[in-house]
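First up is the structure itself, then whatever we jot down about it.
The values are calculated or read from the model by the stated rules, or taken from the named source; none is laboratory data. If you're wondering where the values come from, they're calculated on a predicted model, not measured in any experiment. FYI the Cβ positions are ideal-geometry reconstructions off the backbone, even for glycines, and counts take in every protein chain you see.
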Amino acid sequence: MTSLEAFIENYQFISYLIIFIGVLCIEADLFFLTAAIFAEQGYLSWIILMPMSYIAITLGDIGFYYIGIYSKKIKLGIWVTKKFSRLHNWMDNNFMPSYYKVIYFGKFVSGISRFLPFLAGLHKMPIKKFLKIHLTTSVFWLLTVTAIGLFLGNIVTLIGPKEIFRRIWIVFLTIGAIIFVSDYILKKKLSKKLEKKTA
């Protein structure tokens, strides 16, 4: 048993707390996928991990939404709105009507996944509409990353947990590479969708 496995086994509450904070405000995919590997190995409970991660990703979205709303009331937000009024008009007319489609891709792109709720708040999307979109897309995100996590967990089982966890940096590099490549592909798709809208 590696020191990381021992930590998770002996400090369950702290482990779940770290995952919750990571999904909430740092990098949801990285934290959840890493946790999913440990859940697949039996060190964490799927029954706790899945609803906890769903709550964390949803609370994060709501938090950034309200940051977007609040930013319009401060001096800097008012100045930015005036300075980039044309861009705001374009966003209202082209981006916001496509928000539901864009968020399905954006949920998996680091940075954008938190920036989109901020934009929704900045452009005063009704809270009921925002919650409807994000509650459903969070389910889609959770099911997708769980499937990826199960796949990675099975690879760990095939190779052997001790061998993998002795070289835990390889796991983090692999997950990082998956996130980087998927980010690149999804950003390309997002930009193409927005280009079509403006054409």
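Within segment 31-78, restricting attention to residues that are over 14 Å from the mean Cα position of the chain (by Cα) and under 17 Å from V139 (Cα atoms), which residue is modelled with the lowest pLDDT? Among those residues, the one meeting the criterion is A36. A search for C-beta distances below 6 Å between a residue of segment 143-160 that is at pLDDT below 80 and any residue that is among the charged types (D, E, K, R), counting only pairs 6+ apart in sequence or on different chains, returns G153/E40. Note down all Cβ pairs under 6 Å where the first residue falls in segment 63-75 and is within 11 Å of A120 (Cα to Cα) and touching a residue at least 60 places away in the same chain (Cβ under 8 Å), the second is in a helix (DSSP H, G or I) and of a type outside the set (S, T, Y), and they're at least six residues apart or on different chains. Qualifying pairs under 6 Å: Y65/P117; Y65/A120; Y65/G121; Y65/F130. Put simply, of F172, F118, F105, F180 the only residue that is of a type in the set (A, V, I, L, M, F, W, C), within 21 Å of the chain's Cα centre (by Cα) and at pLDDT 85 or above is F118. Taking segment 1-54 as the range and being of a type in the set (S, T, Y), part of a helix (DSSP H, G or I) and in contact with a helix residue (DSSP H, G or I) (Cβ under 6 Å, 6 or more places away or on another chain) as the test, the residues that pass are S15, S53, Y54.
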